[in-house]
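Inspection log for the structure reproduced underneath, given as structure tokens.
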Amino acid sequence: MILVRNLSKSFWRNSVLEDINYTFSAGKIYGIMGENGAGKSTLFKCIMGQESYNGEVIKPKPLRVGYLNDTPFFYSFVTGMEYITFCLKARNLQINKQEINKLNEKFALPLEKYATSYSLGMKKRLMILGLMLQNNDLVIMDEPFNGLDLTGSIILKQWINRMKKEGKCVILSSHIISVLTEICDDISYIHNGKVVANYSGKSAGEIEQSISKLYFNIEKDMDLP
């Protein structure tokens, strides 16, 4: 579905991504891990065309791509329903408020209120609701589980697995290793702008131990203050 070839990105003289290569196929879920500042968000923005880069990102056409960034943003005086309406218009989809309200029964969002008044978790739910209604072929999500409560996390996992069954592609990042091992077909680790490891098929404990030893020299039973 998407080929990323020799992708590099620098801000001034600071290298953020170096020689990144990925093949993202339809019907699979890809998890990307890495510490803060490792380059995950920049990689997603490059794939989305929001940042310039060196290298290639090859996408078939037509391809409907949905994107969830790590920091929810909404314009002032825009209600939840108006945001959802905008998401649907962006895909030239019919606006069916009955369908929207039915799906919102799971999210329990006050769609008549301004989105800026929502809590972080509610804002995340609103963005996910918009993506679910868009019926995208590929969805890229940056830390989608951050700020979600238990119910929201369960709904998100169910939706991700449903997209896989429908032959769609999902790419997501998360610091929650157990989430990635539970739902992802492929898990890779980015460190200092480079893909340094693949942990597909490994348990959460094995991944944690490997990262601790290889990249941060953290002892398993380190003494904490």
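Below are the figures for this structure:
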| quantity | calculated |
| --- | --- |
| Residue list for region 71-97, filter: part of a helix (DSSP H, G or I) and either touching a His at 6+ places or on another chain (Cβ under 7 Å) or within 14 Å of GLU112 (Cα to Cα) (or both) | GLY80, MET81, GLU82, TYR83, ILE84, THR85, LYS97 |
| Residue match in region 106-120 (condition: under 18 Å from the mean Cα position of the chain (by Cα) and assigned by TED's automatic domain parsing to the domain that holds ALA90) | yes |
| Test result for SER210, over 15 Å from the mean Cα position of the chain (by Cα) and in a helix (DSSP H, G or I) | yes |
| Enumeration of residues in region 184-198 that are buried (at least 16 other Cβ atoms within 10 Å of the Cβ), at pLDDT 95 or above and outside any strand (DSSP E or B) | CYS184 |
| Residue match in region 188-210 (condition: among the aromatic types (Phe, Trp, Tyr), in contact with a His (Cβ under 6 Å, 6 or more places away or on another chain) and over 28 Å from THR85 (Cα atoms)) | no |
| Residue count, region 5-43 (criterion: out of contact with any helix residue (DSSP H, G or I) (no Cβ under 8 Å at 6 or more places or on another chain) and among the β-branched types (Val, Ile, Thr)) | 2 |
| Tally of residues being more than 21 Å from ALA115 (Cβ to Cβ) and either at pLDDT 95 or above or outside any loop (DSSP other than H, G, I, E, B) (or both) across region 54-70 | 6 |
| Selection within region 107-124 - within 14 Å of THR79 (Cα to Cα) and buried (at least 16 other Cβ atoms within 10 Å of the Cβ) | LEU109, LEU111, TYR114, ALA115, TYR118, MET122, LYS123 |
| Any chance GLU35 is of a type in the set (D, E, K, R), modelled with pLDDT under 95 and surrounded by 13 or more Cβ atoms within 10 Å (Cβ to Cβ) | yes |
| Cross-chain or 6+ apart pairs with Cβ under 7 Å, region 131-154 first and assigned by TED's automatic domain parsing to the domain that holds GLY34, then of a type in the set (Phe, Trp, Tyr) and assigned to a loop (DSSP other than H, G, I, E, B) | SER153/PHE145 |
| Counted residues, region 113-134 - those being polar (S, T, N, Q) and in contact with a Lys or Arg (Cβ under 7 Å, 6 or more places away or on another chain) | 1 |
| Which numbered condition GLY152 misses (of (1) in contact with a helix residue (DSSP H, G or I) (Cβ under 8 Å, 6 or more places away or on another chain); (2) part of a loop (DSSP other than H, G, I, E, B)) | (2) |
| Residue in region 172-181 that is within 30 Å of GLN94 (Cβ to Cβ) and touching a residue at least 24 places away in the same chain (Cβ under 8 Å) present | yes |
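Condition check ((1) farther than 18 Å from TYR189 by Cβ; (2) surrounded by 14 or more Cβ atoms within 10 Å (Cβ to Cβ); (3) more than 15 Å from the chain's Cα centre (by Cα)) across all residues:
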position	(1), (2), (3)
ILE2	yes, yes, yes
ARG5	yes, no, yes
ARG13	yes, no, yes
SER41	no, yes, no
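The values are calculated or read from the model by the stated rules, or taken from the named source; none is laboratory data. What you are looking at is a predicted structure, and each value in this text was computed from that prediction instead of being measured. No Cβ is skipped: glycine too gets one built from the backbone with ideal geometry, and neighbour counts run over all protein chains shown.
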